[in-house]
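What follows is a short report on a single structure.
The values are calculated or read from the model by the stated rules, or taken from the named source; none is laboratory data. No experiment lies behind these values; they were computed from the predicted model shown. Methodologically, a virtual Cβ is constructed for each residue, glycine included, from the backbone with ideal geometry; neighbour enumeration extends over all protein chains shown.
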């Protein structure tokens, strides 16, 4: 193999690089969401059902940010996303069953 072919093969084998995430910005967003959660939980006078819904949305948002950036899911192949997302409908069903059973 010639030197040019070896060099071209080495360059072609390099996976396409992605820009690294700004971890400090993600951390700042997570911190702000946590402060909002605390304020909503302790300061607001919302009805209990709306309060729970707001806190759940904020918690899911934070979990998605952690999974995408700190667990590097954003930069994984789409096939791995299916592995991660496939158990979610079952989790939702199980939580709903427990909630409605206690009701």
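Worth pointing out:
- Sole residue being at pLDDT below 90, under 24 Å from residue 99 (Cβ atoms) and assigned to a loop (DSSP other than H, G, I, E, B), chosen from 46, 1: 46
- Against the criterion of being surrounded by 12 or more Cβ atoms within 10 Å (Cβ to Cβ), part of a helix (DSSP H, G or I), at negative phi and out of contact with any helix residue (DSSP H, G or I) (no Cβ under 9 Å at 6 or more places or on another chain), residue 65 does not qualify.
- When segment 22-43 is filtered for residues that are surrounded by 11 or more Cβ atoms within 10 Å (Cβ to Cβ) and either more than 22 Å from the chain's Cα centre (by Cα) or touching a residue at least 40 places away in the same chain (Cβ under 8 Å) (or both), the ones remaining, listed by number, are 26, 41.
- Test result for residue 53, at negative phi and modelled with pLDDT of 90 or more: no
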